[in-house]
1. Taking the residues in the stretch 132-152 that are surrounded by 17 or more Cβ atoms within 10 Å (Cβ to Cβ) and touching a residue at least 60 places away in the same chain (Cβ under 8 Å) as candidates, determine which candidate is nearest to Pro114 (Cα to Cα).
2. Under 6 Å between Cβ atoms, at least 6 apart or on separate chains: pull out the pairs that start in the stretch 64-90 with a residue that is closer than 14 Å to Asp113 by Cβ and end on any residue that is polar (S, T, N, Q).
3. Those residues that are out of contact with any helix residue (DSSP H, G or I) (no Cβ under 8 Å at 6 or more places or on another chain), surrounded by 15 or more Cβ atoms within 10 Å (Cβ to Cβ) and either in contact (Cβ under 8 Å) with a residue 24 or more places away in the chain or not in a strand (DSSP E or B) (or both), I need them from the stretch 100-120; list them, please.
4. Tally the residues that are surrounded by 13 or more Cβ atoms within 10 Å (Cβ to Cβ) and in a strand (DSSP E or B), restricting the search to the stretch 35-54.
5. Output the residue which, of all residues in the stretch 68-96 that are closer than 30 Å to Lys29 by Cβ and surrounded by fewer than 16 Cβ atoms within 10 Å (Cβ to Cβ), is farthest from the chain's Cα centre (by Cα).
6. Out of all the residues in the stretch 121-128, is one or more modelled with pLDDT of 95 or more and either surrounded by fewer than 15 Cβ atoms within 10 Å (Cβ to Cβ) or in a loop (DSSP other than H, G, I, E, B) (or both)?
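The values are calculated or read from the model by the stated rules, or taken from the named source; none is laboratory data. The structure displayed is predicted, hence computed values, not measured ones. Here Cβ is always computed from backbone atoms with ideal geometry, including for glycine, and neighbour counts include all displayed protein chains.
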Amino acid sequence: MTSKFKKQIIHFFLSLFFLTPIFSVAQIKADDITGLWLTEDKDAHVQIEKKGNAYFGKIVWLKFPNDDDTNTPKLDKKNPNDKLKSRPILGLNILSNFKFDGTKEWKNGKIYDPQTGKTYSCYLAFTDKTKNKLKLRGFIGISLLGGTTHWTRLE
């Protein structure tokens, strides 16, 4: 094996090593987030879809859809807006206005928690290469001050 050939082989493998992270990031596409997701507590399914150039998510299934006391559909009782307290949880949009950053995250969106009636800034990102685990990081102000939950793809 000639010295020149050895250098070419080394150069080839070094190129592969350094370019692999670029290829793995490039494999994520904006629409990869769409689909049906199971929440971490396994008590709801959220359908994420694209509307215009942003991504939204709504609750399409609840493990316990009815209020224990009234046996009627659960309502958004914790909402700070009195006009919205009578809307059903099932069908409620809880993710809004997420934009794909072109590499690996959906940012600048909001997540609404119907259990507390609070809305948080949020970003979304896959936690595995199969794109079947989704990390949701909700926060106020900066992302260091917040909470994280993980959803699993159902489709």
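1. Ranking the candidates gives Trp151 first.
2. If the second residue must be polar (S, T, N, Q), the pairs left are Lys78/Thr116.
3. Gly109, Ile111, Pro114, Gly117, Tyr120
4. Selection size over the stretch 35-54: 12.
5. Narrowing the stretch 68-96 to residues closer than 30 Å to Lys29 by Cβ: 90-96.
With surrounded by fewer than 16 Cβ atoms within 10 Å (Cβ to Cβ) added as a condition, the list becomes 91, 93.
On the way: Gly91: 17, Asn93: 13 Å.
Only one residue tops the list, namely Gly91.
6. Yes, the stretch 121-128 contains a residue that is modelled with pLDDT of 95 or more and either surrounded by fewer than 15 Cβ atoms within 10 Å (Cβ to Cβ) or in a loop (DSSP other than H, G, I, E, B) (or both).
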